[in-house]
Amino acid sequence: MPPGYVPHIVMLSDGNETIGDALSVAGQSRIPISTVPLPTPTAPEVQVAEVNVPAEVREGEPFMVEVVIQSNHDDEGLVEVYRGDHKVLSERKKIQKGENRFRFQQSVDRERLAVFQARISELANDTLLDNNTTAGLVYASGKPRVLVIESDPSLIREFAYALEDEGIQVDVRPPQGMPDTLADLQNYETLILSNVPATALTQQQMQLARTWVQELSGGFIMLGGEQSFGLGGYYKSTLEEILPVRSDFEKEKEKPSLGMVLVIDRSGSMSGDRIEMAKSAARAAVELLGKNDQVGVLAFDHETYVVSDMQSANNKAKISDDISRVESAGGTDMYPAMEQAFEILQRTQTRLKHAIFLTDGISNPGDFEGIAQQMASAKMTVSTVAVGTVPIRICSSKSPRSGKGDTTSLPTQAKCHRSSPKRL
């Protein structure tokens, strides 16, 4: 007890002593002890108290799984043991009043971390079902194992062979096989992402990988490629936090300056989640810009509003705050907003010029193809981000910048057709 305090011990217990002599110890104490007797259950009750397994075994080595069951009456039930999702034992056992111990032999062959769960059911008398299941963990040491996530597994074959020649077990999976649980990741010493785009992974999968590396000492390797490193991929993602490199461009002088206008549909049809998604996408786009870039933000309903004047992208915080204040209301007339975006980009002194429209596609009519042709002729590119349920207009032609097939920018000459409404 710390000095300066009046000492007192309060014990809450049912008084059912199983080991030791509490009364004699209490008699030697100079500190007052008060007891609060807890009621003992009188209803029939059976519970799985413990699953005792070795903390660590060798791969393939047999060991005993001990299931401890407590009961306050005689009974009989079905005892089942699962290793992960697989049932490895099912036997009917007589349960005596008091402590019951049952032992079963098991082994671990492929898993590095095996979960053994025991449950009891089909009892004649039992009050609580929540305490009829518990589990124990076994770590199996053996050959080190590596999980490789590869967009095209055929490209990683030689690398996997090289690891196996060094006595390392390798599992190769496509991005769809990225683990969703820490238990799955615990089966491996190292996780390797090979040319996997950030969009192929869920936020939960990224968070699990970060937790596994930072808190459970898992190994992590990222192999670059056309689909992985680079601006817009893992930049400011959860996985970037555990990388020894940054995903943004450090050499701003090598990047051509970009002038970008973001146009947000704030009409009544964009209310709720739609406007929030559009604002989130706009803020994310601003975050990707460099110090040599410029950005302006417009919003439109039946009128067009200047949310943020064209300015240096260094003012990210202010621009993001301006975007967050956009609220949905009014009708929809996108054509004047497109004209104003064109005029702003014409006045902007940057090497590249780009406009992004975030809308549900519902608007009053206008000469959209005509203004798109004018922008393309002025070496500007236009992208649209569809939000909600809209009829999709699919276009294909040559991009004014790349000369290759491009379905994201509005072209000067396009062949288009309408599809049935889809949710994006």
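The values are calculated or read from the model by the stated rules, or taken from the named source; none is laboratory data. Treat the numbers as computed from the prediction; the structure is a model and nothing was measured. When we count neighbours, we look across all protein chains shown, and the Cβ atoms used for this are built from the backbone with ideal geometry, even at glycine.
For the structure I just gave you, tell me whether Glu343 is over 12 Å from Val261 (Cβ atoms) and outside any strand (DSSP E or B). Considered against the rule, which asks whether it is over 12 Å from Val261 (Cβ atoms) and outside any strand (DSSP E or B), Glu343 comes out as no. One residue alone among Ser328, Ser320, Ser363 is among the hydroxyl-bearing types (Ser, Thr, Tyr), assigned to a helix (DSSP H, G or I), on the phi < 0 side of the Ramachandran plot and surrounded by 14 or more Cβ atoms within 10 Å (Cβ to Cβ), and that residue is Ser320.
Residue-wise test of (1) out of contact with any Gly (no Cβ under 6 Å at 6 or more places or on another chain); (2) acidic (Asp, Glu); (3) closer than 15 Å to Asp109 by Cα.
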site: Asp74; (1), (2), (3): yes, yes, no
site: Glu80; (1), (2), (3): yes, yes, no
site: His86; (1), (2), (3): yes, no, yes
site: Arg92; (1), (2), (3): yes, no, no
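Scanning the range 13-28 for any residue that is touching a residue at least 24 places away in the same chain (Cβ under 8 Å), in a strand (DSSP E or B) and either of a type in the set (A, V, I, L, M, F, W, C) or assigned by TED's automatic domain parsing to the domain that holds Thr127 (or both) turns up nothing.
One residue is enough: does the range 78-95 have a residue meeting the conditions part of a loop (DSSP other than H, G, I, E, B), touching a strand residue (DSSP E or B) at 6+ places or on another chain (Cβ under 8 Å) and among the charged types (D, E, K, R)?
Let us first name the residues in the range 78-95 that are part of a loop (DSSP other than H, G, I, E, B), namely 84-85.
Then keep just the ones that are touching a strand residue (DSSP E or B) at 6+ places or on another chain (Cβ under 8 Å); that gives 84.
With among the charged types (D, E, K, R) added as a condition, the list becomes none.
Checked against the condition, which is being part of a loop (DSSP other than H, G, I, E, B), touching a strand residue (DSSP E or B) at 6+ places or on another chain (Cβ under 8 Å) and among the charged types (D, E, K, R), the range 78-95 yields no hits at all.
Could you figure out which of (1) within 24 Å of Val213 (Cβ to Cβ); (2) in a strand (DSSP E or B); (3) modelled with pLDDT of 85 or more isn't true of Ala118? Of (1) within 24 Å of Val213 (Cβ to Cβ); (2) in a strand (DSSP E or B); (3) modelled with pLDDT of 85 or more, only one is false for Ala118: (1).
If you go through the range 349-362 and keep only what is modelled with pLDDT under 90 and more than 15 Å from Met270 (Cβ to Cβ), you end up with Gln349, Thr350, Arg351. If we keep just the residues of the range 313-325 that are at pLDDT 90 or above and in contact with a strand residue (DSSP E or B) (Cβ under 7 Å, 6 or more places away or on another chain), which is farthest from Glu276 (Cα to Cα)? For the range 313-325, the residue satisfying everything is Ile319.
Taking every residue in the range 111-124 that is among the basic types (Lys, Arg) and pairing it with any residue that is not in a strand (DSSP E or B), at least 6 positions away or on another chain, the pairs with Cβ-Cβ distances below 7 Å are Arg112/Gln186; Arg112/Asn187; Arg112/Tyr188; Arg119/Asn132.
Those residues that are part of a helix (DSSP H, G or I) and among the hydrophobic types (A, V, I, L, M, F, W, C), I need them from the range 258-295; list them, please.
Start the filter on the range 258-295 by keeping residues that are part of a helix (DSSP H, G or I), which leaves 268-270, 273-287.
Met270, Ile275, Met277, Ala278, Ala281, Ala282, Ala284, Ala285, Val286 - these are the residues of the range 258-295 that are part of a helix (DSSP H, G or I) and among the hydrophobic types (A, V, I, L, M, F, W, C).
Hey, does the range 300-314 have a residue that's within 27 Å of the chain's Cα centre (by Cα) and assigned by TED's automatic domain parsing to the domain that holds Thr332? No, the range 300-314 contains no residue that is within 27 Å of the chain's Cα centre (by Cα) and assigned by TED's automatic domain parsing to the domain that holds Thr332.
When we screen Ala341, Ala386 for residues that are buried (at least 16 other Cβ atoms within 10 Å of the Cβ) and at pLDDT 90 or above, the only hit is Ala341. Here is a list: Val108, Val65. Which entry is closer than 16 Å to Tyr139 by Cβ, outside any strand (DSSP E or B) and in contact (Cβ under 8 Å) with a residue 40 or more places away in the chain? After ruling out the rest, the residue left standing is Val108.
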